[in-house]
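Asker: The structure is given below, and queries will be raised subsequently.
The values are calculated or read from the model by the stated rules, or taken from the named source; none is laboratory data. Keep in mind that what you see is a predicted model, and the values were worked out from it rather than measured. For neighbour counting, all protein chains shown are included, and Cβ atoms are generated from backbone atoms with ideal geometry for every residue, glycine included. Accessible surface areas use protein heavy atoms only, side chains included; no ligands, DNA or RNA. Shrake-Rupley method; radii C 1.70, N 1.55, O 1.52, S 1.80 Å.
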Amino acid sequence: MIDLRSDTLTQPTEEMRKAMYRAEVGDDARTNNNSQGEDPTVRALEELASKYTGKEDALFCNSGTMANYIGLVTMCKREDKILLSKNSHIFRSELALFIEDLYGLVPVFYEEDSYGNPNANSIEKILETEDIKVICIENTNNFHGGTCLSEVCVNKIYAVAKKSTVPIYLDGARIFNASVALDLPVKDLCSPVDAMMFCLSKGLGAPVGSVLCGSTEFIKKARSTRKLLGGAMRQAGIIAAAGIVALQNPETDILKDHQNAQQLAKKIKSNSFISVDHESVQTNIVKILITKEQYSAQSIEKDLAERGLRVKAIDNNILRMTVYRGINELQIRKAATIFNEYINEISPA
Ligand SMILES: *Cc1c(COP(=O)(O)O)cnc(C)c1O
């Protein structure tokens, strides 16, 4: 079985497992005089994350979803309006934020182009009329196929946000993929944002965890929010140790993933049934549009799984294939063959 459902499928390396075995640990849910957790390995990971993102401090969280919840709940209160994209992971998958009986935030949507680049004019207009608490952006953009927000795009949003003194929150689950694709340090891509998170458990390949980053004051508050939500973990250094290994020169593996995604996109044959969105293949994700209504992405997903290829339907007419460490060139070739043979079978000659 070739499994391209997500880059969350990475298996920890031998080196990660060894680091986990050896990790020095403490009770991370307890804080010292500097309001930092008592687990030295978690602390080392948080310091490394601060260094990469250029933020003052960082907080280890059990998942990306939890990091986003903690970040936004720390920045907002019930009934506050947050400005984001309808296609963002936060709006599509982190619904507790917008459920009235849970966090009770109110979503307001900006316009974006077909690659997920937010329209700065649209943001500016909304900021003139609505009382917005925070602007959310996503880099890379998951739903749009791992597309990157350029530095120019982020700076335009920053200029507009700054005029209205509204903070920016970055869902940077795959910011390291954007950094490699754009050939820019992660820090440069994050410098205009006030707070952000990135995932250790996707392309970076660690088994568990995400890191929320921001100012010292923000992280101090976020640490309390994490505790309230039940997200404080005790000897979490066991898992943070793998995260530290994941952050040692991650660029080589990520670049390989991007090259493999390009190969996969090239080998898939577009026809009257399906089309590969080549422009969107900027990182490790290949997005395929189903152009005939009689086939849903869900039914194709099911058929392909029976043929030994797992992919993910992310909409009725969109399939996603994600490349990650552990998927090699041979598997890329096989995946393309399985896919092309299947499409040939179902499309009339
Ligand atoms: C995966 C993902 C998340 C959530 O991360 P989990 O660790 O799966 O909870 C948030 N935002 C984006 C853009 C993602 O791709």
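Asker: Got at least one residue in the range 180-202 being in contact (Cβ under 8 Å) with a residue 60 or more places away in the chain and in contact with a His (Cβ under 8 Å, 6 or more places away or on another chain)?
Answerer: Yes, some residue in the range 180-202 is in contact (Cβ under 8 Å) with a residue 60 or more places away in the chain and in contact with a His (Cβ under 8 Å, 6 or more places away or on another chain).
Asker: Let me ask something else. What are the residues in the range 320-339 that are within 16 Å of Asn177 (Cα to Cα) and of a type in the set (S, T, N, Q), if any?
Answerer: Within the range 320-339, just Thr322 meets the criteria.
Asker: Which condition from (1) closer than 27 Å to Leu184 by Cβ; (2) among the hydrophobic types (A, V, I, L, M, F, W, C); (3) out of contact with any Phe, Trp or Tyr (no Cβ under 9 Å at 6 or more places or on another chain) is the one that Leu330 breaks?
Answerer: For Leu330, the exception is condition (1).
Rundown of residues vs (1) free of Cβ contacts under 8 Å to residues at least 40 places away in the same chain; (2) in contact with a Cys (Cβ under 6 Å, 6 or more places away or on another chain); (3) not in a strand (DSSP E or B), yes/no style:
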{"residue": "Arg43", "(1), (2), (3)": "yes, no, yes"}
{"residue": "Ala58", "(1), (2), (3)": "no, yes, no"}
{"residue": "Thr65", "(1), (2), (3)": "yes, no, yes"}
{"residue": "Val73", "(1), (2), (3)": "no, no, yes"}
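Asker: Ok, one more. Can you tell me how many residues within the range 181-203 are closer than 14 Å to Asn155 by Cα and either within 15 Å of the ligand (Cβ to nearest atom) or out of contact with any helix residue (DSSP H, G or I) (no Cβ under 9 Å at 6 or more places or on another chain) (or both)?
Answerer: Counting residues in the range 181-203 that are closer than 14 Å to Asn155 by Cα and either within 15 Å of the ligand (Cβ to nearest atom) or out of contact with any helix residue (DSSP H, G or I) (no Cβ under 9 Å at 6 or more places or on another chain) (or both) gives 3.
Asker: Still on this model: Can you tell me which residues in the range 109-126 are polar (S, T, N, Q), more than 16 Å from the ligand (Cβ to nearest atom) and either touching a Ser or Thr at 6+ places or on another chain (Cβ under 8 Å) or closer than 20 Å to Gln282 by Cα (or both)?
Answerer: Those that are polar (S, T, N, Q), more than 16 Å from the ligand (Cβ to nearest atom) and either touching a Ser or Thr at 6+ places or on another chain (Cβ under 8 Å) or closer than 20 Å to Gln282 by Cα (or both): Ser114, Asn119.
Asker: Just a yes or no: is a residue in the range 263-272 of a type in the set (D, E, K, R) and assigned to a helix (DSSP H, G or I)? Talk me through it step by step, then tell me what you get.
Answerer: Step one: filter the range 263-272 for residues of a type in the set (D, E, K, R), giving 266-267, 269.
Those still in the list that are assigned to a helix (DSSP H, G or I) too: 266-267.
There is at least one residue in the range 263-272 that is of a type in the set (D, E, K, R) and assigned to a helix (DSSP H, G or I).
Asker: Then there's this: Return yes or no: is Ala178 of a type outside the set (Asp, Glu), touching a helix residue (DSSP H, G or I) at 6+ places or on another chain (Cβ under 8 Å) and either closer than 30 Å to Ala335 by Cβ or surrounded by fewer than 24 Cβ atoms within 10 Å (Cβ to Cβ) (or both)?
Answerer: Values: of a type outside the set (Asp, Glu): yes; touching a helix residue (DSSP H, G or I) at 6+ places or on another chain (Cβ under 8 Å): yes; either closer than 30 Å to Ala335 by Cβ or surrounded by fewer than 24 Cβ atoms within 10 Å (Cβ to Cβ) (or both): yes.
The answer is yes for Ala178.
Asker: Could you check Ile318 against (1) in contact with a Leu (Cβ under 9 Å, 6 or more places away or on another chain); (2) open to solvent by 10 Å² or more (accessible area, probe 1.4 Å); (3) within 11 Å of Ile2 (Cα to Cα) and say which number it fails?
Answerer: It fails just one condition, (3).
Asker: If we keep just the residues of the range 55-70 that are away from the ligand (no atom under 11 Å from the Cβ) and either surrounded by 15 or more Cβ atoms within 10 Å (Cβ to Cβ) or at pLDDT below 95 (or both), which is nearest to Ser210 (Cα to Cα)?
Answerer: So, considering only residues that are away from the ligand (no atom under 11 Å from the Cβ) and either surrounded by 15 or more Cβ atoms within 10 Å (Cβ to Cβ) or at pLDDT below 95 (or both), the one nearest to Ser210 (Cα to Cα) is Phe60.
Rundown of residues vs (1) in contact with a Leu (Cβ under 9 Å, 6 or more places away or on another chain); (2) more than 30 Å from Leu264 (Cα to Cα), yes/no style:
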| residue | (1), (2) |
| --- | --- |
| Met1 | yes, no |
| Arg5 | no, no |
| Tyr21 | no, yes |
| Asp28 | no, yes |
| Asn33 | no, yes |
| Gln36 | no, yes |
| Thr41 | no, yes |
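Asker: If we keep just the residues of the range 206-232 that are of a type in the set (A, V, I, L, M) and in contact with a Gly (Cβ under 6 Å, 6 or more places away or on another chain), which is farthest from Pro250 (Cα to Cα)?
Answerer: Only one residue fits best here, namely Leu212.
Asker: Look through the range 79-108, keep the residues that are open to solvent by 70 Å² or more (accessible area, probe 1.4 Å) and more than 12 Å from the ligand (Cβ to nearest atom), and return whichever of them is nearest to Val134 (Cα to Cα).
Answerer: Applying the filter and picking the extreme gives Glu79.
Asker: Right, something else. Kindly indicate whether any position in the range 270-287 is basic (Lys, Arg) and closer than 20 Å to Thr147 by Cα. If you could, list the steps in order and put the result at the bottom.
Answerer: Just the residues of the range 270-287 that are basic (Lys, Arg), to begin with: 287.
Now restrict to residues that are closer than 20 Å to Thr147 by Cα: 287.
For the range 270-287, residues basic (Lys, Arg) and closer than 20 Å to Thr147 by Cα: present.
Asker: Name the residues in the range 276-315 that are crowded, with 17+ Cβ neighbours inside 10 Å, without any contact (Cβ under 8 Å) to a residue 24 or more places away in the chain and not in a helix (DSSP H, G or I), would you?
Answerer: Listed by number, the residues that qualify are Val276, Ala313.
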